[in-house]
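Worksheet: the structure to be examined is printed underneath.
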Amino acid sequence: MSSLSPSPSLASPPRVLPADPLPAAPSADSASGPPSLLGARRLRLALCLAPLLLAAGWAAANRPVMYEGVRRLVAADPGWLLAGAGLTGLNCVAAACVRQGALPDRVRPGLLLASQFAAGAANHALPGGLGAHAVTLRFLRGQGVPPARATASIGLYSLAKSGAKTGVLLVFLTATPAWRRLGGLVPDGRLLVPVAATACGAVAAAGVLLTVVRPLRRPVTGLLRSALADAREVHTRPCRVVALWGGAVAMPLVQGTTLACVGASLGLGLPWQHVVLAYLAAGTAVGAVPAPGGFAVDAALVWTLVSFGCAPATATATVIGYRVLTDWVPLLPGTLLLSALIRAKVL
């Protein structure tokens with residue numbers, strides 16, 4: 001009888017299954033976030049630091065004027081500064097009135113006022129009022145306003161604000177002969193040609209883009225139809241008309257009067273109408289420059305006050321005090337209020 005051979009399963013050594021690979025430790029790049037998020041954070045940081053760097057460069061180049069301006073600002077009359085602080089709060093009320101007047105839907109006035117106060121803090125991060133518009137758009141969407149209507153209300157707000165400011169400027173130019181001193185703010189004829197050509201080119205490019213790209217045509221035309229319908233509906237309600245245009249007229253007057261209060265606390269020596277005219281002229285001349293923090297407007301405002309006969313140190317102190325009173329003092333409470341509205345899911 002032949003001997004039994006061992007079974008293959010018993011003769012071969014047991015196989016050892018490979019262990020599951022351990023998960024790789026997250027690298028530094030993955031832990032810090034996607035590259036797109038990192039790029040967005042760096043862009044926001046650069047936009048926030050841009051006005052500070054510009055102001056620091058200007059201050060370094062004009063150290064004697066800056067020192068004298070700060071010295072005079074420290075010795076300013078606190079009564080006039082307190083009046084300017086009250087007008088700063090009144091400007092938020094006027095902005096809330098314009099926002100409500102541009103919208104057919106009624107929103108809660110307390111939350112609307114709080115959102116406008118918080119929007120002032122967001123304006124330091126983005127130029128051209130984009131921060132305030134973004135906060136307002138989030139607020140209106142949270143209140144149940146449709147996206148098309150909320151966007152149309154922002155467009156009507158901007159149109160009413162710029163139109164009312166131009167109208168007020170024309171009234172002051174007609175009533176005040178001091179406008180002759182502002183000839184330097186009028187752009188040179190050689191500069192108007194490229195500016196007009198750029199504007200016409202942008203309009204023509206937008207028209208061609210809407211004509212050629214059909215997927216873009218439908219949402220844009222729908223938004224324009226919604227905006228025109230909402231504008232007609234708003235102007236059929238007298239309360240909305242008063243809120244929209246009354247608030248739009250009040251905003252530049254309140255801001256100019258705030259500047260006049262700061263100037264009175266420093267002994268600027270200019271009448272109220274001249275200070276308001278200087279504010280309107282400087283803002284209109286360079287207001288379209290997309291500089292965060294309004295640095296271009298501040299530089300033009302200093303130059304305009306000097307053109308009216310003020311000393312450079314006093315004009316610089318007035319503009320610094322105005323910017324501190326209207327932007328930097330409300331920045332911390334506005335940021336805290338913005339965070340509170342976000343946590344409360346209002347934004």
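The values are calculated or read from the model by the stated rules, or taken from the named source; none is laboratory data. Predicted, not measured: the structure shown is a model, and the values here were computed from it. Cβ: placed from backbone, ideal geometry, glycine included. Neighbour counts: every protein chain shown. Surface areas here come from the heavy atoms of the whole protein model, side chains and all, with no ligands, DNA or RNA. Shrake-Rupley method; radii C 1.70, N 1.55, O 1.52, S 1.80 Å.
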### Message
I'm trying to understand the selection: among the residues of segment 257-269, which are open to solvent by less than 40 Å² (accessible area, probe 1.4 Å) and either of a type in the set (S, T, N, Q) or over 13 Å from Leu325 (Cα atoms) (or both)?
### Response
Thr257, Thr258, Ser265, Leu266, Leu268
### Query
Of these, Ala25, Ala94, which one is modelled with pLDDT under 65 and either part of a loop (DSSP other than H, G, I, E, B) or under 24 Å from Ala152 (Cβ atoms) (or both)?
Ala25
### Task
Pairs only if they're at least six apart or on different chains, beta carbon under 6 angstrom, first in segment 87-107 and touching a residue at least 40 places away in the same chain (Cβ under 8 Å) and closer than 12 Å to Gln255 by Cβ, second part of a helix (DSSP H, G or I) and of a type in the set (Gly, Ala, Ser); list them, first residue then second.
Ala94/Gly247; Ala94/Ala250
### Query
Going by the structure shown, is Arg225 farther than 30 Å from Gly321 by Cβ, more than 22 Å from the chain's Cα centre (by Cα) and either open to solvent by less than 40 Å² (accessible area, probe 1.4 Å) or modelled with pLDDT of 80 or more (or both)?
yes
### Task
Considering each of Gly120, Gly84, Gly101 in turn, give the residue that is of a type outside the set (A, V, I, L, M) and either surrounded by fewer than 17 Cβ atoms within 10 Å (Cβ to Cβ) or modelled with pLDDT under 90 (or both).
Gly120
### Task
Considering every residue within segment 233-245, establish whether at least one is among the charged types (D, E, K, R), modelled with pLDDT of 85 or more and in a helix (DSSP H, G or I).
yes
### Message
Go through segment 107-141 and report how many residues are in a helix (DSSP H, G or I) and in contact with a Lys or Arg (Cβ under 7 Å, 6 or more places away or on another chain).
### Response
3
### Task
Inspect all residues belonging to segment 277-292 and state whether any of them is closer than 20 Å to Ala76 by Cβ, at pLDDT below 95 and part of a helix (DSSP H, G or I).
yes
### Message
Would you confirm whether or not segment 171-184 contains a residue that is open to solvent by 70 Å² or more (accessible area, probe 1.4 Å), at pLDDT 90 or above and either closer than 17 Å to Gly256 by Cβ or aromatic (Phe, Trp, Tyr) (or both)?
### Response
yes
